[in-house]
Amino acid sequence: MRPALDQPSQTRPKTQQKVRSRAAAERHEALDQAVTDWISHIHAEAKQLGEKFHLQGRWFLDKLYYGGQDLIHSRPSGNAYNMFYHNKAKELRELGIELPPGGVVTLHNEYDEEYEALSKEQRAELVESLKEDKASQAHSRKQTTPAKTQDFVASCKVLADVFRGMKRRIGVDGFMIAISNDVGFEPKPFIYFSEEEIEKYMAMAVKKWDSPRVAALVQAFASAGCDVASECDHSSTAYLR
């Protein structure tokens, strides 16, 4: 059940809006400072624990960050607060009302009182409707070529971020080539080197090394089922070589 739209609140005086926006900005700044202080405290404590147990402080930070991934992936699939403002923005658009300057951030200032007035049952219904929407989208989503391409590119960027994170934390260097083994889906291979000098070195260390060419050969091999025997005719074998 969606909360009724509070018509009077759509026309709050500009002075009141400015006061609310200023208060929200101050709160945001205070939150940023609190988080910065909190992280500094965590790093300081990790250093102290490292000295106590004769380990690098980074070891404790890795335990914290990587151990916390389980909490991230097991968190609830949605929350009433976000769903409330998602519905609120949708309702305003359907009524032909433009979102106020500041977008969703301003909506939080405008309708916080309305959200706080929701009962536990109403909030539970919001969460349930979010789950139903996600389930419906997952069921109806088609893996079209544009969708696959978007997924491929986004996933490769995540892998590159993992590489950068490992390089920053534990000094890992390397490269990767991501390709599709689906003959019906052939996106441009994703090539990543943690250092440009590594790619230059490969050109010297491996005869006729060319990253795009190597990626194309790997993609052809993967499309053949990673089985050289399946590419038995002379032209295919020559291509793979």
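The values are calculated or read from the model by the stated rules, or taken from the named source; none is laboratory data. These numbers come from a predicted model, not from an experiment. Ideal geometry is used to build each Cβ from the backbone, glycine not excepted, and the neighbour counts take in all protein chains shown.
Is there any pair with a first residue in the range 84-103 that is assigned to a helix (DSSP H, G or I) and a second that is loosely packed, with under 14 Cβ neighbours inside 10 Å and modelled with pLDDT under 80 whose Cβ atoms are under 9 Å apart and which are 6 or more apart or on different chains, and what are they?
Sorted first by the residue in the range 84-103, then by its partner, the pairs are TYR85/VAL104; HIS86/VAL104; LYS88/VAL104; ALA89/GLY103; ALA89/VAL104; GLU91/ILE97; LEU92/GLN10; LEU92/GLU98.
Please enumerate the residues belonging to the range 45-63 that are more than 14 Å from ILE170 (Cα to Cα) and within 31 Å of the chain's Cα centre (by Cα).
Within the range 45-63, GLU45, ALA46, LYS47 qualify.
Restricting the first residue to the range 18-31 and requiring it to be of a type outside the set (D, E, K, R), which pairs with a second residue that is not in a helix (DSSP H, G or I) meet a Cβ separation below 7 Å and a spacing of at least six or different chains?
SER21/GLY102
Tell me which helices (runs of 4 or more DSSP H) are completely within the range 137-224 and hold 1 or more residues being closer than 24 Å to TYR65 by Cα and either in contact (Cβ under 8 Å) with a residue 24 or more places away in the chain or of a type in the set (Asp, Glu) (or both), or say none if there are none. Lay out the reasoning, then the answer.
Numbers: elements: 145-170, 196-205, 211-223.
Answer list for the range 137-224: 145-170.
Take the conditions of a type in the set (Ser, Thr, Tyr) and touching an Asp or Glu at 6+ places or on another chain (Cβ under 7 Å) and apply them to SER180. Does it pass?
Taking the combined requirement at face value, the residue satisfies it.
Which members of the range 187-204 meet the condition of being touching a Phe, Trp or Tyr at 6+ places or on another chain (Cβ under 7 Å) and either at pLDDT below 90 or within 14 Å of ALA216 (Cα to Cα) (or both)? Break it down stepwise before answering.
Of all residues in the range 187-204, those touching a Phe, Trp or Tyr at 6+ places or on another chain (Cβ under 7 Å) come to 187, 192-194, 198-199, 202-203.
Across the range 187-204, the qualifying residue is only PRO187.
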